[in-house]
1. Can you tell me which residue within the range 1-30, out of those that are among the hydroxyl-bearing types (S, T, Y) and not in a helix (DSSP H, G or I), is farthest from the chain's Cα centre (by Cα)?
2. Do we have any residue at all in the range 31-48 that's within 13 Å of the chain's Cα centre (by Cα), part of a helix (DSSP H, G or I) and at pLDDT 90 or above?
3. Can you name every residue in the range 10-66 that is of a type in the set (D, E, K, R) and exposed (fewer than 10 other Cβ atoms within 10 Å of the Cβ)?
4. Consider the range 1-52. How many of its residues are under 30 Å from Y63 (Cα atoms), among the β-branched types (V, I, T) and without any contact (Cβ under 8 Å) to a residue 24 or more places away in the chain?
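The values are calculated or read from the model by the stated rules, or taken from the named source; none is laboratory data. What you see is a predicted model, and the numbers here were worked out from it, not measured in a lab. Glycine also receives a Cβ, built like all others from the backbone with ideal geometry; neighbour counts cover every protein chain displayed.
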Amino acid sequence: MAFWLAMLDYDIGDSEYSNGIISALAVLAIDERNKGWKPATLYTPILSAMITISRSMVVYKAYDNRNAIVKRMMRAELISEA
């Protein structure tokens, strides 16, 4: 999961082509039958799924980080009381 979060956090700067996720989404937008781009009605669900999954990963990572901090604080409190 760290890899995908790093991909989402990547600063594209002046070149959007250097981002793997943007490049992958561009490939998914290609319509092989019509030799062009997929219409928005077909491509929007793909983008929506990508955004939903990305948001879920970020929320999970924040939840995981918070739990780790709480555990550290609880351990530190137990050590200081001993």
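1. By that ranking, first place goes to S15.
2. Yes - at least one qualifying residue is present in the range 31-48.
3. Once the filter is applied, which keeps residues that are of a type in the set (D, E, K, R) and exposed (fewer than 10 other Cβ atoms within 10 Å of the Cβ), the range 10-66 yields D11, D14, E32, R33, K35.
4. Looking only at that region, the number is 6.
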